[in-house]
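Below is one structure; the comments refer to it alone.
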Amino acid sequence: DSVYSRITVEDIAISLGFSRTHISSVFKENCGKTITEYLTDLKMSEAKYLIRKELYTVSQISDFLCYDNPHYFCKVFKKEIGMSPLEYMTSLRMKNAERLLSTIWNSGHAISEIAHMCGYENALYFSRVFRKYFGCSPTKYLKSQDKVHLTDPGRRELDLEQKTDEIM
């Protein structure tokens with residue numbers, strides 16, 4: 001539960017009855033990183049978990065993990081993870097979209113249903129994000145994967161998406 005509390009090296013040293021310098025030295029010698037680095041790793045791991053759940057805002061996650069403000073939390077997240085919390089959530093959603101398109105689209109699910117399964121209420125917005133992430137629309141992605149036969153007349157959402165592609 002240390003990720004949900006504001007804990008310092010000084011707090012740890014006092015609770016163990018040693019000096020801050022001694023605790024820091026012993027910890028780094030045994031763990032290969034500082035106590036602060038270790039606590040940051042724990043908090044970032046928990047942040048990724050909370051983002052995957054998609055139940056909380058970045059501001060709430062920042063508060064849960066005892067960061068002074070969401071901007072600082074985002075800065076630390078980007079430094080440690082290599083992308084912002086929003087970019088991280090988008091990458092998770094797009095990996096899920098890729099998996100779903102490759103596995104269940106042929107079973108009759110519309111792209112709008114897949115968009116919803118990935119956390120997007122609006123199928124056109126989903127397609128825009130997908131295009132930005134993969135460089136093509138979901139339909140073109142499917143064609144490029146050669147996983148489906150796209151001439152099924154019952155698949156009308158493809159016509160709408162292709163018209164959207166032509167406009168953009």
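The values are calculated or read from the model by the stated rules, or taken from the named source; none is laboratory data. Predicted model only: the values in this text are computed from it and were never measured. Backbone-built Cβ (ideal geometry, glycine too); neighbour counts: all protein chains shown. Note: areas computed on protein heavy atoms with side chains; ligands, DNA, RNA excluded. Shrake-Rupley method; radii C 1.70, N 1.55, O 1.52, S 1.80 Å.
May I ask for the distance between the Cα centers of the range 55-94 and the range 110-135, given as a whole number of Å?
Comparing the Cα centres of the range 55-94 and the range 110-135, I get a distance of 22 Å.
If each residue of separation counts as 0.36 nm, what is the full-extension length gain between His116 and Phe18 once their alpha-carbon separation is subtracted?
29.9 nm
Would you mind checking the tilt of helix 20-31 against the longest principal axis of the Cα atoms of the chain, expressed as 0 to 90 degrees and rounded to 10?
50
Just to confirm the number: angle between the C-alpha axis of helix 85-103 and the first principal axis of the chain, 0 to 90 degrees, nearest 10?
40
With all protein chains present and a 1.4 Å probe, how do His116, His71, His109 order by accessible area, largest first?
Correct descending sequence by accessible area is His71, His116, His109.
Using 7 Å Cα-to-Cβ label points, what is the Ser91/Lys79 separation (nm, one decimal)?
Roughly 1.8 nm, to one decimal.
Taking 18 Å as the cut-off for C-alpha to C-alpha distance, list the pairs among Lys28/Lys79; Lys53/Lys75; Lys48/Lys78; Lys28/Lys78 that go past it.
Violating the 18 Å Cα-Cα cut-off are Lys28/Lys79; Lys53/Lys75; Lys28/Lys78.
Can you compute the FRET efficiency between Leu42 and Asp11 using 1/(1 + (r/R0)^6), with r the Cβ-Cβ distance and R0 = 25 Å? Round to the nearest 0.05.
0.95
Roughly what angle does helix 35-53 make with the longest principal axis of the chain, taking Cα atoms, 0 to 90 degrees, to the nearest 10?
Compared with the principal axis, the helix lies near 30 degrees.
Only Cα pairs within less than 10 Å get springs; with that Gaussian network setup on the chain, which residue of Val26, Val76, Val58 has the largest fluctuation?
Looking only at Val26, Val76, Val58, the biggest GNM fluctuation is shown by Val26.
Heavy atoms only, probe 1.4 Å: what % of the accessible area of the range 8-97 goes to carbon and sulfur, would you let me know?
Ligands and nucleic acids excluded, carbon and sulfur give 55 percent.
Please enumerate, by chain and number, the lysines with C-alpha under 24 Å from the C-alpha of Lys140, excluding those fewer than 8 residues away in the same chain.
By straight Cα distance, Lys140 reaches Lys95, Lys132, Lys163.
So with the 1.4 Å probe, I'd like the accessible area per residue for the chain, rounded to whole Å².
For the chain, the per-residue accessible area is 63 Å².
In vacuum, with every alpha carbon of the chain counted as one equal point scatterer, what does the Debye formula give for log10 I(q)/I(0) at q = 0.14, 0.17, 0.18 Å⁻¹? Two decimals, please.
The Debye formula, applied to the Cα set alone, gives -0.79, -0.99, -1.06.
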